[in-house]
Amino acid sequence: MTKETQEGLTVTKEGDFSEWYQELITKAELADYSSVSGCIVFRPRAYQIWEKTKSVIDKEFKKIGIQNSYFPLFIPKKLLAKESKHVEGFTPEVAWVTHAGSTKLNEKLAVRPTSEAIMYDSYSKWIRSHNDLPLKLNQWNNVVRWEFKHPVPFLRTREFLWNEGHNVYSNAKDLEKDRKAIMKIYQNFMKNYMALPSLPGKKSDKEKFAGAEATYSFELMLPNGKAIQGPDYHDDGQNFAQAYDINFLDKKGNTQFAYQSTYAITTRMLGVMFAIHSDNSGLIIPPKLAKNKVVIVPILFDKTKKKVLKKAKEIEKSLARFSPILDEREDYTPGWKFNEWELKGIPIRIEIGPKDLKNKSVTISKRTQPEKNKKFQIKISDLEEQLPSLLDEIQDELYKKAKKLLDSSKTKAKTIAELIKAIENKKIALAPVCGKVECEDIIKDKTGGAKTLNAPLNQKKYAIKGKKCLACNKKAKYHIYIGKSY
């Protein structure tokens with residue numbers, strides 16, 4: 001007896017985005033909730049995407065001389081407290097270890113919220129001369145940030161995975177080159193692998209990383225009208241070098257403080273990608289990040305079952321480089337299988353039945369196509385050759401659709417009234433500001449929680465001469481994106 005049940009999504013993306021997302025994450029077997037509030041289980045379907053992310057970015061890091069390392073999970077309070085702005089920024093989020101068994105520790109240990117403190121203690125010992133620079137180290141690890149109210153799988157969790165890079169240079173000019181190289185790696189990965197466009201820019205002083213001179217980010221737009229921050233890069237200047245005594249003798253024998261940077265991409269980006277691309281049938285994964293790019297579903301009847309299965313297995317073998325799944329289960333109907341693999345986001349479905357066998361062809365469905373245009377025929381002999389272009393088409397379609405969402409979500413605002421209207425319409429507004437923290441507070445208050453996201457790097461595109469800050473009506477210094485965000 002075949003099974004007819006459909007365990008797909010019960011709410012729509014347009015009707016209830018939050019509930020749709022929660023269902024997507026669990027039913028597509030991406031994550032599960034754990035017994036620890038705010039901490040999720042990364043199931044293989046999602047973790048393999050993170051492994052690919054690590055693999056691609058790590059390769060690019062190594063091309064520019066970044067080496068991997070590992071530093072302790074626990075950070076003594078005395079080290080964390082060395083940089084006052086940094087520790088102040090993280091204090092609400094730090095989880096502390098105070099006991100080992102029943103024995104109270106002599107000093108509290110922070111569970112890594114980020115690694116500046118523990119890494120820079122070592123950097124201060126290792127760096128003595130300009131010959132020791134640059135030093136470029138990265139970690140692929142986990143961090144814990146405890147303080148928040150509403151956990152959302154991938155998008156906001158108490159423990160998450162990331163890369164954290166910590167580079168050291170002898171001068172600010174090299175630091176600027178460092179920023180451009182690393183931001184290019186992140187942007188290329190998001191575009192070429194995740195099929196995600198973004199808004200690169202510089203954070204305001206109010207929103208920058210605690211302890212940094214400047215923070216640069218990529219902002220993305222979710223379908224629910226909220227912006228979300230992607231990878232970021234922090235120009236720390238000499239702030240941490242002075243706090244942790246990271247100095248060196250230059251070529252003239254003078255003692256100088258080092259210039260530093262930190263940068264990261266996190267597992268939050270998986271959630272962003274799932275949320276932007278997926279639909280009411282379930283998960284959509286860009287082919288370049290999908291482990292299994294193809295699922296083969298044989299249409300089985302008693303009289304032709306052996307012949308169809310034989311050919312299906314031959315196709316599976318010929319398409320090995322695409323890691324195909326052959327679904328030869330006989331206790332589920334073809335329709336049930338189609339729905340399951342759509343829910344789980346396999347980019348291409350190949351159907352083969354008696355009629356296909358007779359025509360020496362297969363029936364193809366692209367995950368990104370509307371149902372009425374979904375199926376078409378390809379000769380079996382042409383399948384291996386044509387699949388790469390089909391996968392490229394899907395990758396391109398996903399990027400164009402996400403780009404359309406981002407572009408349609410952008411607008412401009414010259415006044416608070418225009419900004420309020422933009423926020424009510426779930427838009428990101430580009431607006432002139434003076435840069436004062438007090439004005440950002442006014443913006444947040446007047447708009448019901450919107451905040452500055454980042455300022456476009458190419459400000460020349462947006463003439464600022466004669467423009468007034470929309471919060472205080474005084475001379476504006478630059479344009480910045482404003483929106484509600486996670």
Specify the residue that is farthest from Thr114 (Cα to Cα); the eligible residues are those in the stretch 87-101 that are assigned to a strand (DSSP E or B) and of a type in the set (Gly, Ala, Ser).
Ala100
Does any residue of the stretch 49-59 turn out to be closer than 30 Å to Arg329 by Cβ and either among the hydrophobic types (A, V, I, L, M, F, W, C) or over 18 Å from the mean Cα position of the chain (by Cα) (or both)?
yes
Could you give every pair whose Cβ atoms fall below 9 Å, whose first residue belongs to the stretch 306-331 and is free of Cβ contacts under 8 Å to residues at least 12 places away in the same chain and of a type in the set (Lys, Arg), and whose second residue is surrounded by fewer than 18 Cβ atoms within 10 Å (Cβ to Cβ) and assigned to a helix (DSSP H, G or I), counting only separations of at least 6 or pairs across chains?
Arg321/Glu384
Restricting attention to the stretch 161-172, and to residues there that are among the hydrophobic types (A, V, I, L, M, F, W, C) and surrounded by fewer than 22 Cβ atoms within 10 Å (Cβ to Cβ), which single residue is nearest to Thr255 (Cα to Cα)?
Ala172
Can you tell which of Pro134, Pro113, Pro153 is surrounded by 14 or more Cβ atoms within 10 Å (Cβ to Cβ) and under 20 Å from Ser217 (Cβ atoms)?
Pro113
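One line per residue, one yes/no per condition, for (1) surrounded by 14 or more Cβ atoms within 10 Å (Cβ to Cβ); (2) over 30 Å from Lys191 (Cβ atoms); (3) free of Cβ contacts under 8 Å to residues at least 40 places away in the same chain; (4) of a type in the set (Ser, Thr, Tyr):
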| site | (1), (2), (3), (4) |
| --- | --- |
| Ser409 | yes, no, no, yes |
| Ala455 | yes, no, no, no |
| Lys461 | no, no, yes, no |
| Lys465 | no, yes, yes, no |
| Tyr478 | yes, no, no, yes |
Run Glu397 past the list (1) closer than 30 Å to Lys374 by Cβ; (2) outside any helix (DSSP H, G or I) and report the number of the one that doesn't hold.
(2)
Per the list (1) buried (at least 19 other Cβ atoms within 10 Å of the Cβ); (2) free of Cβ contacts under 8 Å to residues at least 60 places away in the same chain, residue check on Phe61 breaks on (2)
Enumerate the helices (runs of 4 or more DSSP H) found wholly within the stretch 17-81, keeping only those where 2 or more residues are of a type in the set (Phe, Trp, Tyr).
17-27, 44-63
Given the residues Lys403, Lys444, Lys421, which is the only one that is part of a helix (DSSP H, G or I), in contact (Cβ under 8 Å) with a residue 12 or more places away in the chain and either in contact with a strand residue (DSSP E or B) (Cβ under 9 Å, 6 or more places away or on another chain) or basic (Lys, Arg) (or both)?
Lys403
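How many of the residues in the stretch 173-187 are acidic (Asp, Glu) and either at pLDDT below 95 or surrounded by fewer than 15 Cβ atoms within 10 Å (Cβ to Cβ) (or both)?
1
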Among residues of the stretch 447-459 being within 16 Å of Glu418 (Cα to Cα) and not in a strand (DSSP E or B), the residue nearest to the chain's Cα centre (by Cα) is Ala450
State whether one or more residues within the stretch 121-135 are among the polar types (S, T, N, Q), touching a residue at least 60 places away in the same chain (Cβ under 8 Å) and either in a helix (DSSP H, G or I) or in contact with an Asp or Glu (Cβ under 7 Å, 6 or more places away or on another chain) (or both).
yes
If you go through Met194, Met190, Met221, the only one that is in contact with a His (Cβ under 9 Å, 6 or more places away or on another chain) and modelled with pLDDT of 95 or more is Met194
Scanning the stretch 142-162 residue by residue, those closer than 13 Å to Thr266 by Cα and outside any loop (DSSP other than H, G, I, E, B) turn out to be Asn142, Val143, Val144, Arg156, Glu159, Phe160, Leu161, Trp162
I'd like the full set of residues that are over 14 Å from Pro347 (Cα atoms) and surrounded by 13 or more Cβ atoms within 10 Å (Cβ to Cβ), limited to the stretch 364-375.
none
Determine if the stretch 346-362 includes at least one residue that is in a strand (DSSP E or B), out of contact with any Gly (no Cβ under 9 Å at 6 or more places or on another chain), of a type in the set (D, E, K, R) and buried (at least 19 other Cβ atoms within 10 Å of the Cβ).
yes
From the list Ser84, Ser35, which residue is at pLDDT 95 or above and of a type in the set (Ser, Thr, Tyr)?
Ser35
Ala95 - would you say it is buried (at least 17 other Cβ atoms within 10 Å of the Cβ) and out of contact with any His (no Cβ under 8 Å at 6 or more places or on another chain)?
no
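The values are calculated or read from the model by the stated rules, or taken from the named source; none is laboratory data. Keep in mind that this is a model prediction, so the values were computed, not measured. Positions of Cβ are backbone-derived with ideal geometry, glycine not excepted, and every protein chain shown enters the neighbour counts.
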